[in-house]
Structure formats: C-alpha cells, structure tokens
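See below for the structure under consideration.
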Amino acid sequence: MSNSNRPWVEKYRPRKLEEVVNQKGIINRLQQFINDKSMPHLIFAGPAGTGKTTSALAIVRELYGRKMALNTTYLELNASDARGIDVIRTYVKDFAKARPPINIPFKILILDEADNMTAPAQQALRRTMEKYTQNCRMILICNYSNKIIPPIQSRCVVFRFSSLSSNDIKERLKVIAKQENISITNDGLNALVEVSRGDCRRAINYLQSCGTISQKVDQDIVFKVAGEVPPERVKEILQTAIQGQLDFSINLLNDIIKEYGLSGINIIKNIHREIYDLKISEKTKIELSKLLAEFEYRLSQGGTEEIQLKALLANIVMLQDMK
Ligand SMILES: Nc1ncnc2c1ncn2[C@@H]1O[C@H](COP(=O)(O)OP(=O)(O)O)[C@@H](O)[C@H]1O
Ligand SMILES: [Mg+2]
C-alpha cells in the first residue's frame with residue numbers, strides 16, 4: 001500500500017508505551033513488566049479507540065525489539081475471525097504449544113475482541129492458557145471484561161482503559177494534521193472531538209476523511225463527514241418549535257434534511273442529544289424526551305418520515321400550552 005493511502009490510525013499509531021496518553025497508571029505498570037521481562041496474562045478492557053491494541057503491540061515491540069516476528073514471537077488474532085472453538089483448538093493451541101525461540105522468555109498472543117468469543121471457545125482458550133503458560137502469555141482485549149468467563153478473568157490481571165479527554169484527542173489530531181499539512185480551525189477541532197465522543201480512532205478517521213475533501217478542515221466539513229448536524233442548527237429547530245413557530249421550525253428542519261441527507265431516526269437522535277442543554281424547564285425536558293421516544297418508535301415501525309417529523313414538531317409546539 002502506498003504511504004499516502006495508509007489509514008492514519010495505523011500510520012500514527014504510537015510505537016512506544018510512553019507515547020500512549022491518558023493511561024498513565026496502566027502504562028507505568030506495563031513498563032514494569034517489560035523491565036522485569038516477565039508478565040502475567042493480561043486483559044485490556046475499555047471503550048473503543050483508547051489505546052488497547054496500541055499498548056499490546058507496544059509491549060511486544062519493547063520486549064522483543066528486532067526479534068518481533070509474527071507467528072514466531074507473537075500472534076495477533078481478531079476474535080471475530082477466530083471466534084470459533086476450532087481456531088482456538090488448532091491455530092491458537094499450536095502457537096501456544098510451540099517453544100519460544102532462544103533468548104525469548106515467552107511468546108505473546110494478542111486476542112482482540114475477546115468478548116465476542118463463544119463460551120466453549122473461551123473454555124478451550126482457558127485450557128490452552130493454563131497448559132502453556134510457560135511458553136505463551138496472552139493479552140485479551142475487550143470492551144467489557146464481564147463478558148470474559150470468570151476462570152479466565154481470575155487468571156489474568158485486568159487493566160481498564162478510560163476514554164481520552166478532549167484535550168488529549170485534540171493534541172493527537174494537531175500532531176497528525178501538522179504532519180499531513182492540513183490546517184484545522186478551532187471549531188473544526190472541537191467538532192472532531194464532539195463527533196468522536198472519546199474514541200481517538202474515530203477522531204483520526206474523521207480527520208483523514210475530511211483531509212481528502214479539503215486542506216482546511218472546519219466545523220462544517222467535520223459534521224458533514226460524520227453525518228451529524230451542528231448542534232446550533234438542531235437547537236434552533238427545537239427553540240423555534242418550543243416558542244410556537246411551527247412553520248418556521250418545519251422549514252429549518254427541511255433545510256437540514258436536504259443539506260445533510262439524514263434519516264428521520266438520525267434526526268431524532270440529533271435532537272435528543274441537544275434537549276438536555278436547552279434552557280427550558282425540567283418538566284418540558286421530560287415531556288420532550290417522552291415525545292422523542294414515541295416518535296422514534298413510530299419511525300421504527302415504518303411511519304412515513306416526513307409525516308412523523310412534522311407531527312413531532314407539532315407536538316413540541318403544543319407543549320407550550322401545558323405551561
Ligand atoms: N491512549 C492513546 N494515546 C495515543 N493514541 C491513541 C490512544 N488511544 C488511541 N489512540 C489512537 O487511536 C488509534 C486506535 O487506537 P487502538 O489502540 O487501536 O484503540 P483500541 O483501544 O480500540 O484498541 C491509534 O492508532 C492511535 O493513533
Ligand atoms: Mg483495538
């Protein structure tokens with residue numbers, strides 16, 4: 001693959017543990033394992049895009065340096081293609097069983113999306129884990145550690161990764177944008193943080209998509225690429241409806257449907273995100289969220305988008321009379 005087409009999440013994946021941000025406590029302990037050249041089986045749990053795979057690969061790199069070789073010193077499997085018990089019984093077992101190369105204390109198996117594995121496959125994994133611990137240490141990566149069977153959990157040290165702060169994501173994005181000769185406006189940066197919701201991978205992917213459209217990335221481009229409506233626009237629709245201006249709010253709604261090409265459900269989700277920030281009474285917020293729930297259901301049952309969305313706005317206008 002040519003360099004320019006490489007996904008930026010791979011191109012800019014930190015190679016060293018010390019470059020992983022926001023997970024200080026975890027990184028310090030992992031570094032200890034590397035200093036000692038010894039480590040237990042590990043579980044990395046936490047939301048997407050917080051540095052789990054990155055940290056696992058960095059461990060391998062720091063432990064093995066130039067001896068890092070796929071299938072010989074480490075194996076990285078994505079559990080969604082290796083979910084079944086057969087793969088665990090054959091491929092994984094063979095890897096774990098074979099002795100590590102000379103001068104290597106143990107091999108490492110990285111199993112991504114381990115919480116997607118079936119229970120029987122996890123049982124088989126547990127047996128392999130137990131039997132070949134000398135040869136092979138495992139790093140299981142998952143979103144929720146409670147989906148890993150207890151006997152595996154009790155054999156592992158669990159590390160919980162937390163979502164990155166807005167500032168950490170912004171810093172990463174700035175570094176990447178600079179390398180790629182892209183200028184991001186401040187509102188563009190804020191929008192990227194907003195649409196990625198603590199998922200650094202998503203933020204970088206959106207930045208790359210925006211970068212293919214324009215050298216200058218601002219809020220508008222970000223929201224378009226992410227298929228989201230700028231919060232002010234949604235607030236405007238809500239506010240006009242709450243003030244009783246039905247026609248006006250319907251016009252505004254039609255505008256964003258045309259501009260952003262959103263489905264009805266998507267619009268309801270966008271509206272839902274904004275209601276808690278509006279300066280309206282608690283009671284109106286409660287009524288609004290009930291309405292949104294009802295109209296989301298109607299749409300899911302096949303109601304016509306245009307009719308349902310207009311009816312939703314009409315219902316919001318009527319909330320006025322309750323005050
Ligand atoms: N804590 C972090 N520090 C620095 N970069 C990060 C961090 N978390 C995620 N990233 C960025 O996001 C991308 C995806 O991270 P990854 O480790 O694959 O996430 P996951 O937790 O889903 O395994 C990486 O390429 C990296 O650029
Ligand atoms: Mg991952």
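The values are calculated or read from the model by the stated rules, or taken from the named source; none is laboratory data. The shown structure was predicted, so the numbers you read here are calculated from the model rather than taken from an experiment. For neighbour counting, all protein chains shown are included, and Cβ atoms are generated from backbone atoms with ideal geometry for every residue, glycine included.
The figures follow:
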{"item": "Some residue of segment 215-228 being outside the structural domain of L313 (by TED's automatic domain parsing), in a helix (DSSP H, G or I), without any contact (Cβ under 8 Å) to a residue 24 or more places away in the chain and surrounded by fewer than 17 Cβ atoms within 10 Å (Cβ to Cβ)", "result": "yes"}
{"item": "Counted residues, segment 65-77 - those being surrounded by fewer than 20 Cβ atoms within 10 Å (Cβ to Cβ), touching a Phe, Trp or Tyr at 6+ places or on another chain (Cβ under 8 Å) and within 15 Å of I34 (Cβ to Cβ)", "result": "2"}
{"item": "Members of segment 261-280 that are in contact (Cβ under 8 Å) with a residue 12 or more places away in the chain and over 15 Å from R233 (Cβ atoms)", "result": "S263, G264, I265, I280"}
{"item": "Near pairs, Cβ below 9 angstrom, 6+ apart or cross-chain, from segment 85-103 (on the phi > 0 side of the Ramachandran plot) to any residue that is surrounded by 12 or more Cβ atoms within 10 Å (Cβ to Cβ)", "result": "N103/K67"}
{"item": "Those residues of segment 165-182 which are free of Cβ contacts under 8 Å to residues at least 60 places away in the same chain and farther than 13 Å from S196 by Cβ, in sequence order", "result": "N167, K174, A177, K178, N181, I182"}
{"item": "Hits in segment 123-142 (condition: under 20 Å from L57 (Cα atoms) and buried (at least 16 other Cβ atoms within 10 Å of the Cβ))", "result": "M129, N135, C136, R137, M138, I139, L140, I141, C142"}
{"item": "R89 being over 27 Å from G65 (Cβ atoms), more than 19 Å from the chain's Cα centre (by Cα) and outside the structural domain of A203 (by TED's automatic domain parsing)", "result": "yes"}
{"item": "Residues of segment 2-41 satisfying the condition of being farther than 23 Å from Q208 by Cβ and within 14 Å of ligand 2 (Cβ to nearest atom)", "result": "Q23"}
{"item": "Residue list for segment 138-176, restricted to those being of a type in the set (G, A, S), more than 16 Å from ligand 2 (Cβ to nearest atom) and under 24 Å from N205 (Cα atoms)", "result": "S165, S166"}
{"item": "When residues of segment 104-119 are limited to those that are of a type outside the set (A, V, I, L, M) and on the phi < 0 side of the Ramachandran plot, the one farthest from ligand 1 (Cβ to nearest atom)", "result": "P105"}
{"item": "Enumeration of residues in segment 187-210 that are assigned to a loop (DSSP other than H, G, I, E, B) and either on the phi > 0 side of the Ramachandran plot or in contact with a strand residue (DSSP E or B) (Cβ under 8 Å, 6 or more places away or on another chain) (or both)", "result": "R197, G198"}
{"item": "Selection count where residues are loosely packed, with under 12 Cβ neighbours inside 10 Å, of a type in the set (K, R) and either closer than 25 Å to V225 by Cβ or at pLDDT 95 or above (or both), scope segment 257-289", "result": "1"}
